[in-house]
Structures are given as C-alpha cells and as structure tokens.
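Chemist: Mind having a look at this structure? Questions to follow.
What follows is calculated from the coordinates using simple rules that are stated; it is not laboratory data. As the structure is a prediction and not an experimental result, all values here were calculated from the model. FYI the Cβ positions are ideal-geometry reconstructions off the backbone, even for glycines, and counts take in every protein chain you see.
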Amino acid sequence: MDLVKREITVETITPYFVEYFGHEPTHIAAAPGRVNLIGDHTDYNNGFVMPMALEKHTVVAVAQSPTGKHRFCGSLGDQIYEIPVEEALSVGEPFWSNYVRGVLAHLERRGIHVGPVDMLIDSNVPRGSGLSSSAALEVSVCMALAAYAGVQIAPTEVALIGQSVEHEFVNVPCGIMDQFISANGREGHALKLDCASLSYELIPMDDPSVSVLVFDSAVHHSLADGAYAQRRTQCEESAKIMGVATLREASLDMLENAKAQLGDVRYRRARHVIGENARVEDFAQALRMRDWDKAGAAMRGSHASLRDDYEVSCAEVDTLVSLCDRIPSASSVYGARMTGGGFGGCIVALVKTEDVDKVASELLEAYRQEIGIDTAYLITRPGAGAKVLYQA
Ligand code: ADP
Ligand code: MG
C-alpha cells in the first residue's frame, strides 16, 4: 500500500499543472477512497452496506486545452497523453484513461459537451488495495468536469455515472457502494446505504476514543473475478428458489423452509446475505449508541460468515483477523473483519485510539512472522465526500 502521507491540495497540484501544461487550472475537484465497515456482498442483492470515506483523495485539476485535443496526465511523473476529443468518447489507451473516457461519454449522453481539456490527476488513495481508488478517480473526474462545464450534477447522479463507467468502460460489474460513499461521504460519519432505494443515513462516528485501522494483507488471489460472478449467480438462484425477487426480501424463516431445495451451498450463500443485512442494522444501532463492543461483535460475525458461508476470504486475511485476537494488545481491538470483495485486500478493525499504534505495529510484526510479508496500514477517521476545491 502506498502510504505516503503527502497531502494533496489546490496549492500542491497547481504548480504541477502549470509545469505540465504551461497555464493554470481553472477547476479542481477531489473525491475520497473508502473502506466498508460492514455489509459485504450485500450490494448486488439490493441489501445494506455501511462504508465510510477515507482521508485519502484523488484530486483532478482541469482547464481548457489550447491544443484542440485533450491532454491527460494520470499521475505526477507520468507522461502526457494527447487524445482527440471524439476519440476520447470510446474505450482506448492507456488503460486508466478509460475512467476519464467513460465520464466524458456519459456527460456527452446528457448533452454536456466537454471541449478539449488539459487534466492532471494526483492521488494518495492506495491503488488496487480494495480501497476504491477507481471510484475516487471516476467521481473526482466527474466533479471536476461538471464544474468545468458549468453544470450541477447531484452527488448520487455522479455516483451512478461512476458505476456505469466501471460497467461499460472498464468491464467491472460493480455495485453502487464505492461511488456512492465517495460522492456522498461526510467527515466524522459512516453512511448506511440501502442499495435498493439508494436512500441513506449518515451516522456520526466521531468518538475520539475509537479509531479505524485499515490493514493490507498485500495479497490478491486471481480467482476473485470468477468467484464474484459465481456468487452473484448463486444468490439469484437462491432468491428464485425462495420465490423472492432478490435476497433482500428473504428472511431466515424462508431460508429454513427452502433448505432442502436450496442445497448446502446456496443455503449458506443466502444465509450470509440475510445475516449480513441484519448485521449492518446491528452495527448501525451500535454506532448510534456508541456501543463499540456491540459494533465489534457485528464485525466478527460478518467475518465468520464471509469466511465460512460465503467463502470469499483467504488464508492470509483470516490470519490477519485471527491475529487481532492473538496479539498482546488484542483486548484493545473491538472487532475486525475482511473488507471489500475478498480473496485478499484489506481488513478493517475498530481499535481503542490510545492503543491503535501499538496494535498496528504488533500486527505488522506478527503478520511478517506468520505469513512472511511486510505490509502497511492506515489509521483513519471518516473523511469528507467529493467536492469542488477550486473554480477560477
Ligand atoms: P481499487 O479501486 O480497489 O483501488 P481497481 O482495480 O478497481 O482497485 O482500480 C485500480 C485502477 O484504477 C488502477 O489500475 C488504475 O487503472 C486506476 N486508477 C486509480 N487511481 C488512479 C490514478 N490516480 N491515476 C490513474 N489511474 C488510476
Ligand atoms: Mg475499484
């Protein structure tokens, strides 16, 4: 995980933009990465999720391009890619430009014709660690281009555009959670999202005595894509057998009644989704009461269910979660679980703030000893959602 604590602001990105393009940016926007506190593999079942925005952002600076073509630069130190305006509306090279191309194409469909722009992207969201650098990119690009074009797009619309970009331009059949929290997050709050209606509740999570520790397993097992598609199919089949449109509408009673028809695998997949939706509600209740033991218990239940019933964890991530119970400072950890799609990526833990540094360094050492990997972590509070930082 790239853990450079470098802050990115209007003041830091502007001189780079001038260096690259020879003139100042006119619009700058930022959008955060996210960590999901609880509710995994529920989004595509129309269920509940509870992410929070990280204090890590992707920042996008734009201005009109004097060349008649787009000029995109994906990160500091990267080269400039010159792309004709019409060509930028379809899939192309470099790979990351598809996140930008997709946003341009969606704006065009809405009648928002963005002429040639110079664009510089800078980010401190770790890439490909399951913290949604891709959502941070789509949402920040959309915010910056909307501001540049002088149009207002509601945050939820921005999120939906980002999700379509993943589907159509990057071939990632994701749910709405990542883009939604990036667009709608609020400092000091977790967000409970109903993926069926897109109604949401921002729940204060600002108790200074509790910290969120995000710890990278530093492994990614390649079976993730196939397993994801398979899980989706199993959920659809389970819902059909129980006679409901999605697992959101299923109950534990229905599950037990259909146990024989479902068979063991589908029974366990459905049990995870039904139980996970209930755990999101338990966690939300615990947050409202600042009952951190209860919140931690919901997280532990979530991990066990993802590991045993949904079978999307892996040995390294299970080791990390179990180490949270075995390190010397284990009593300072309220709860821990895998977070995100699974088969690697990060765990998230709620930890007593006074001991969080100690817990993190004990985990680093123990993970090195048991798995042989040197990895990284971040300690964060719920950060702010996307915003326009500057308009000339
Ligand atoms: P995650 O969203 O969990 O970080 P993904 O695989 O969905 O992982 O997205 C990572 C991809 O997003 C990168 O491979 C890259 O193509 C693109 N990306 C993310 N952030 C940036 C950035 N700041 N500049 C260019 N490309 C980026
Ligand atoms: Mg992503």
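Chemist: Apply the Karplus parameterisation 6.51 cos²θ - 1.76 cosθ + 1.60, with θ equal to phi minus 60°, to every residue of segment 40-52 and state each ³J(HN,Hα) to the nearest whole Hz, in sequence, with x for glycine and proline.
Modeler: 10, 6, 9, 4, 7, 9, 6, x, 10, 9, 9, x, 9
Chemist: Sticking with this one: Relative contact order for the chain: what percent, with Cα pairs under 8 Å and sequence separation of 6 or more?
Modeler: Values: 861 pairs, mean separation 94.5, N = 392.
Relative contact order comes out at 24 percent.
Chemist: What per residue convex hull volume, in Å³, do the alpha-carbon atoms of the chain yield?
Modeler: Details: hull volume 52.7 nm³, N = 392.
Spread over its residues, the Cα hull of the chain gives 134 Å³ apiece.
Chemist: Listed highest first by mean packing, meaning other Cβ atoms within 10 Å per residue, what order do 159-169, 63-73 come in? Each step should come with its number before you reach the end.
Modeler: Values: 159-169: 21.9, 63-73: 17.5.
The peptides rank, most packed first, as 159-169, 63-73.
Chemist: Roughly how many Å is it from the Cα centre of segment 236-269 to that of segment 25-46, as a whole number?
Modeler: Spelled out, the Cα-based centre of one part sits 29 Å from the other.
Chemist: Would you please give the residues with an amide H less than 5 Å from that of ALA376, counting only those at least 5 places away or on a separate chain, with H modeled from the backbone geometry?
Modeler: ASP216
Chemist: Loop only by DSSP, 15 or fewer other Cβ within 10 Å of the Cβ. Give me the trypsin sites (Lys or Arg not before Pro) in segment 274-304 that pass, ordered by residue number.
Modeler: Numbers: sites: ARG279, ARG288, ARG290, LYS294, ARG300; in loops: ARG290.
For trypsin sites (Lys or Arg not before Pro) across segment 274-304 that sit outside H, G, I, E and B with at most 15 neighbouring Cβ atoms in 10 Å, the list reads ARG290.
Chemist: Give me, ordered by chain and number, the residues 5 or more places off SER313 or on other chains with an amide H under 5 Å from its own placed amide H.
Modeler: PHE343
Chemist: Would you please put 151-157, 376-382, 40-46 in order of how densely packed they are, using the mean number of other Cβ atoms within 10 angstrom per residue and starting with the highest? List each step's numbers first, then the result.
Modeler: Details: 151-157: 14.6, 376-382: 20.4, 40-46: 24.1.
By packing density, highest mean first, the sequence is 40-46, 376-382, 151-157.
Chemist: Let me ask you something else. Could you state the per residue volume, in Å³, of the convex hull enclosing the Cα atoms of segment 134-276?
Modeler: Working: hull volume 24.0 nm³, N = 143.
Residue-normalised Cα hull volume stands at 168 Å³.
Chemist: Show me the ranking of peptides 257-267, 15-25, 131-141 by mean Cβ neighbours inside 10 Å, starting with the highest.
Modeler: Values: 257-267: 14.4, 15-25: 16.0, 131-141: 29.5.
Output ranking for 257-267, 15-25, 131-141: 131-141, 15-25, 257-267.
Chemist: For ARG326 and ASP357 in the same chain, what is the full-extension length gain: residue separation times 0.36 nm, less their Cα-Cα distance, in nm? It would help to have the intermediate numbers written out before the result.
Modeler: Numbers: separation 31, 0.36 × 31 = 11.16 nm, distance 1.62 nm.
This chain segment gains 9.5 nm when fully extended.
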